1. Restricting to segment A:348-366, count the residues that are more than 15 Å from the chain's Cα centre (by Cα) and either small (Gly, Ala, Ser) or within 24 Å of A:Glu270 (Cα to Cα) (or both).
2. Across segment B:297-326, what is the number of residues that are under 20 Å from B:Ser191 (Cα atoms), open to solvent by 50 Å² or more (accessible area, probe 1.4 Å) and facing chain A (nearest Cβ under 7 Å)?
3. Out of all the residues in segment B:122-166, which are polar (S, T, N, Q) and farther than 24 Å from B:Lys376 by Cβ?
4. Consider B:Lys275 carefully, then state whether it is open to solvent by 50 Å² or more (accessible area, probe 1.4 Å) and under 24 Å from B:Lys193 (Cβ atoms).
5. Using the structure shown, decide if A:Lys125 is of a type in the set (Lys, Arg) and modelled with pLDDT of 95 or more.
6. Which condition does B:Leu277 not pass, out of (1) at the interface with chain A (Cβ under 8 Å from one of its Cβ atoms); (2) at pLDDT 95 or above; (3) more than 20 Å from B:Ser225 (Cα to Cα), if it passes all the others?
7. As an exercise: evaluate A:Met351 against (1) over 30 Å from B:Pro93 (Cβ atoms); (2) open to solvent by 40 Å² or more (accessible area, probe 1.4 Å); (3) without any contact (Cβ under 8 Å) to a residue 60 or more places away in the chain and give the number of the one condition it does not meet.
8. Could you please give the count of residues in segment A:165-204 that are assigned to a helix (DSSP H, G or I) and closer than 23 Å to A:Val222 by Cβ?
Number of protein chains: 2
Amino acid sequence: MRLKVPEGSKGVLVKNLYLVIGVPKKNQERASILKRTMAKGEEVRNKQIILRDYVSGFPKESDMALKTSTMRLKVPEGSKGVLVKNLYLSCDPYMQSRMRKPDGASSLIDSFTPGSAIIGYGVAKVLDSGHPDFKEGDLIWGMTGWEEYSLIPATETLFKIHYTDVPLSYYTGILGMPGVTAYVGFYEICSPKKGEYVFISAASGAVGQLVGQFAKLIGCYVVGSAGTNEKVDLLKNKFGFDEAFYYKEENNFDAALKRYFPEGIDIYFENVGGKMLDAVLLNMRLHGRIAVCGMISQYNLDQMEGVHNLISLISKRIRMKGFTVFDYYHLYPKFLDFVWQYIKEGKIVYMEDKAEGLESGPTALIGLYTGSNVGKQVVVVADV
Amino acid sequence: MRLKVPEGSKGVLVKNLYLVIGVPKKNQERASILKRTMAKGEEVRNKQIILRDYVSGFPKESDMALKTSTMRLKVPEGSKGVLVKNLYLSCDPYMQSRMRKPDGASSLIDSFTPGSAIIGYGVAKVLDSGHPDFKEGDLIWGMTGWEEYSLIPATETLFKIHYTDVPLSYYTGILGMPGVTAYVGFYEICSPKKGEYVFISAASGAVGQLVGQFAKLIGCYVVGSAGTNEKVDLLKNKFGFDEAFYYKEENNFDAALKRYFPEGIDIYFENVGGKMLDAVLLNMRLHGRIAVCGMISQYNLDQMEGVHNLISLISKRIRMKGFTVFDYYHLYPKFLDFVWQYIKEGKIVYMEDKAEGLESGPTALIGLYTGSNVGKQVVVVADV
């Protein structure tokens with residue numbers, strides 16, 4: 001190969017061009033895009049994962065489709081947005097709610113637009129910027145599209161990445177939205193105290209694994225539930241939980257909780273809802289706290305399961321608080337300092353499940369609802 | 001009649017002896033007891049309402065019985081308790097839970113003892129005292145027995161009555177447990193702000209009528225639900241609620257709430273549970289608060305109705321807090337100053353439903369669960 005841009009090409013020749021040689025087609029394409037993205041303003045192919053139509057119940061792969069459009073790698077004149085190349089996309093349970101037809105009442109955030117790219121958290125590199133706070137080459141995390149390139153018209157939801165000596169994909173998890181969620185959910189909502197009894201459902205997920213470790217760091221007794229024996233093993237042997245159990249093998253959640261919490265539960269970090277919540281309510285201690293972060297067992301149901309034991313809220317004087325991370329991003333700098341230190345000291349471990357290529361996005365996302373991911377589910381779109 | 005104690009009698013002759021003449025039997029008995037109680041240490045007849053056996057579901061009259069025993073009107077040697085003559089007994093919804101067989105888990109307080117007198121809040125007069133803080137003639141309110149005379153071995157649950165220029169029965173309601181409940185439930189749990197939208201279920205009850213008036217006093221928009229048209233009328237025309245509705249005439253609570261709260265509900269003061277709670281959850285505003293005070297619609301059920309819309313806790317960032325007044329009695333002096341002033345200024349009205357005579361207790365108590373009381377249900381046992 002001649003280390004020279006061919007006559008008439010608007011591309012640039014880059015060092016990692018070797019990827020073109022002898023690598024799978026997907027990576028060839030990626031390398032070829034990479035090359036082309038170097039030319040600011042050029043119109044390039046832009047592969048996207050779009051939502052076909054609104055979904056009821058859990059999404060299926062066929063609810064999404066790969067679409068190829070084009071994108072001019074330049075922020076439109078007068079726009080204060082940024083144009084980014086997406087590197088990592090985050091699969092998060094809440095995304096199912098954005099696939100539903102808007103009902104105006106229970107939605108946390110707007111639904112996706114059928115026919116358009118799915119929106120979610122991701123890590124990306126700025127190729128062009130109309131905003132003074134961002135410049136070409138900046139790395140950011142925040143809301144972006146499930147596509148190779150995104151024009152992000154409003155930069156309010158974007159955070160600049162300063163620490164880069166960790167895998168950048170961490171900004172979809174421990175250093176991003178799930179990290180802040182775990183941090184505020186545990187420290188702000190649960191008011192934890194040393195020695196308290198903490199239960200976490202869906203505990204090996206992006207949020208749960210961190211909540212458990214935060215709780216251990218302040219000296220709580222921590223038990224998690226998870227959906228495979230492999231995850232239970234991880235909770236006990238990698239994330240340092242005191243105990244963990246495989247909920248699908250328990251036919252009586254109340255009995256299981258009584259086994260692990262003979263003294264009762266002070267703090268429940270709720271990720272699943274339904275029958276587990278009902279059993280937890282029977283096992284809470286006086287003045288217990290429940291942080292309601294998610295209810296993943298219920299998202300596929302047209303009518304959610306009934307919860308029968310709310311009377312315990314009175315007898316046990318329980319505080320139950322739903323929250324979303326959107327209200328707490330002002331704490332991000334404080335959180336980042338906090339968690340960064342622990343990562344550096346090796347006091348917090350973190351586990352990701354990486355799917356390769358934008359095309360793998362639908363399968364990866366759907367896997368969240370069947371529990372096939374082990375750790376934080378990330379889709380790798382491109383190298384930086 | 002000779003105005004002289006008969007030879008050999010240990011009784012005293014009292015001014016209100018005229019009651020004996022030409023009044024119903026019940027009152028004759030009362031007057032006759034009155035006379036006899038004057039003789040400290042005498043053994044007198046003591047009528048009691050006892051629990052026959054544990055109850056499942058709502059109590060029936062036949063679950064209680066009138067029993068006549070005797071009582072020596074003197075605190076036993078060495079006891080730090082007080083011996084009181086009961087004047088007014090309070091019928092409160094929570095009492096049903098004390099009639100159930102103890103299950104060790106969900107009970108707020110101990111169950112009653114079958115065969116013994118029912119225990120509840122009441123207003124009484126001290127006849128003898130083994131405790132330096134109480135002396136003969138003191139008026140108190142607190143936990144006492146459903147009987148004419150009670151020996152109260154522990155005085156921790158008793159409050160001395162200092163303000164007597166209101167009906168003493170008020171200390172079973174606006175100036176007693178339900179008053180403190182309304183006060184802490186609204187001000188401490190709901191964090192109310194001027195202009196907020198407040199919904200109260202079972203709104204004409206002892207607690208609800210006060211919560212609504214507290215909310216109006218700080219400039220909230222207040223709607224209550226109640227179980228008869230008469231109560232709805234009271235809420236609007238006596239207690240100053242902005243709106244009220246008869247829930248039994250609404251076949252769709254969600255639609256009813258949308259009619260009264262087109263902008264949604266900021267604060268829900270929960271007294272009923274079940275379907276109403278489910279509908280409220282659909283109509284809460286962002287950052288809404290739910291104070292869970294009671295769930296009277298559920299107390300008679302072996303399994304409580306399922307609540308299906310808890311996912312709203314997340315999307316609306318709702319704080320839901322169960323509480324019981326027992327944790328807040330340290331605020332009683334502050335509360336009393338607060339509410340006393342409003343009563344004196346005529347800014348708070350209060351409504352009682354008085355049943356005459358200890359014998360009427362079972363019917364009065366049971367009426368709470370069918371909603372037959374209008375205002376705070378009190379049983380008049382004796383005159384002071």
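1. 4
2. Residues meeting the conditions: 1.
3. We begin by selecting, within segment B:122-166, every residue polar (S, T, N, Q); these are B:129, B:144, B:150, B:155, B:157, B:164.
The answer is B:Ser129, B:Thr155.
4. When the stated conditions are applied, B:Lys275 does not pass them.
5. Working: of a type in the set (Lys, Arg): yes; modelled with pLDDT of 95 or more: yes.
In short, yes.
6. That leaves (3) as the condition not met.
7. (3)
8. Our first condition is that a residue be assigned to a helix (DSSP H, G or I); within segment A:165-204, this holds for A:168-172, A:177-189.
From what's left, closer than 23 Å to A:Val222 by Cβ: A:170, A:177-189.
Qualifying residue count, segment A:165-204: 14.
The values are calculated or read from the model by the stated rules, or taken from the named source; none is laboratory data. In this text the structure is predicted, and so the values were computed from the model without any measurement. Don't worry about glycine lacking a Cβ; one is built from the backbone with ideal geometry, like all the others, and counts go over all protein chains shown. These area figures cover heavy atoms from the full protein model, side chains too; ligands, DNA and RNA do not enter into them. Shrake-Rupley method; radii C 1.70, N 1.55, O 1.52, S 1.80 Å.
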